[in-house]
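The values are calculated or read from the model by the stated rules, or taken from the named source; none is laboratory data. Keep in mind that this is a model prediction, so the values were computed, not measured. Reconstructed Cβ throughout: ideal geometry from the backbone, glycine too, with neighbour counts over all protein chains shown. Heads up: the accessible areas ignore ligands, DNA and RNA and are worked out on the full protein's heavy atoms, side chains in. Shrake-Rupley method; radii C 1.70, N 1.55, O 1.52, S 1.80 Å.
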Amino acid sequence: MDKNKLYDKISKIINENKKFLIITHDYPDGDSLGSQVALYQLLYQLKKDVTAVCNSELPYQYSFLPDLDKTKKGIEEIEFSNREHICFCLDCADENRMNVDFKELKGNVKFIINIDHHKKNSNFGDLNLVESSSSATCEILYKLIEKHYRKFLNHKIALGIYVGILTDTGKFQYRNTSHVVHKIVSELLKFNISPSKVNKSIYENEPLERFKLIQLVFDRIEYIESSGLIYSYILESDFKELNLPFSAHNGIVTMLRSKENAKVAALIKQTGKDCYKISLRTSHRGIDLFKVANVFKGGGHRMAAGYSDDGSLKTVIDNLKKAVRDNI
């Protein structure tokens, strides 16, 4: 279907229905939460019955986002009846990213709309608005609002979209920072958004214990000159001993990326016994990290990607080294 027609169809579905569910992926980031908040605020203004769901811990760095505390922890908290809900799935490359029983979800809702910007999206929705050329899911959402709901654009919606674009462009440093991105941001700033306050809330609002976590990460750094891979790890026990949430790791992999001559930075985070999530970053335009993540059925983009792996820490590290060596 033509992209313009997709936007029109989504607007028609919004206008003709009353109950909505908005789900984003587990271990959410700025784009997933920003898009969820922005769409929630839009539907609320349209006087819709709307519920936001994220089946994961919400990062403290984004606690300033409006009405984030209203987010439900899982679909089991939703009272489904007569398949009346329209479900928006945001920033999810596939149905597994939401950490919900997708079969149960599909059986309880009327229609699933998948809005995303990952190039290998599985098109799991009944309607799929996927634009891999967009910097963020929030950019796609802005286009929908600009086209059909411009008069409803306010501070809360603009703030959510701004946060999503800010974080998914690496504070406007990544390759996906286009003239379109800056044009959108210039419009968003008209709605009383303070870039300095947003930056401080996300990037300069850390507890002392996080610096101790960074110290642990730095003490464990390994660098492989032949492949240009720099990596480190965080154990589940580190988070517990420092009394930090899992989201305290956010941004640390970017610090690793700043090493001179490093081609790939990886941060390995333990999430359970023999369970790990790996974040990948690069500054090299000629490197495609998606190829590495895809080895493990992960996803992401050329310069920022991630995946999960199981086994001992040594096994996970060995797998990482081989995947980088074979695909970079």
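Here are the numbers for this structure:
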{"read-out": "Subset of segment 1-10 [of a type outside the set (Asp, Glu), over 14 Å from PHE111 (Cβ atoms) and either at pLDDT 95 or above or surrounded by 15 or more Cβ atoms within 10 Å (Cβ to Cβ) (or both)]", "value": "TYR7"}
{"read-out": "Subset of segment 64-83 (residues that are within 21 Å of HIS155 (Cα to Cα) and either acidic (Asp, Glu) or free of Cβ contacts under 8 Å to residues at least 60 places away in the same chain (or both))", "value": "ASP67, LEU68, ASP69, LYS70, THR71"}
{"read-out": "Any hit, segment 59-81, residues being within 28 Å of ASN176 (Cα to Cα), touching a strand residue (DSSP E or B) at 6+ places or on another chain (Cβ under 9 Å), of a type outside the set (Lys, Arg) and open to solvent by less than 10 Å² (accessible area, probe 1.4 Å)", "value": "no"}
{"read-out": "Cβ-Cβ under 7 Å pairs, at least 6 apart or on other chains, segment 119-146 side within 20 Å of ALA293 (Cα to Cα) and open to solvent by 20 Å² or more (accessible area, probe 1.4 Å), far side assigned to a loop (DSSP other than H, G, I, E, B) and of a type in the set (Phe, Trp, Tyr)", "value": "none"}
{"read-out": "Hits in segment 14-28 - residues which are open to solvent by less than 20 Å² (accessible area, probe 1.4 Å) and farther than 24 Å from GLY74 by Cα", "value": "none"}
{"read-out": "Strands (runs of 3 or more DSSP E) contained in segment 211-328 and holding at least 1 residues over 28 Å from LEU33 (Cβ atoms) and not aromatic (Phe, Trp, Tyr)", "value": "222-224, 229-234"}
{"read-out": "VAL181, sole failed condition from (1) in contact with a helix residue (DSSP H, G or I) (Cβ under 8 Å, 6 or more places away or on another chain); (2) more than 27 Å from GLY251 (Cα to Cα); (3) surrounded by fewer than 24 Cβ atoms within 10 Å (Cβ to Cβ); (4) at pLDDT 95 or above", "value": "(2)"}
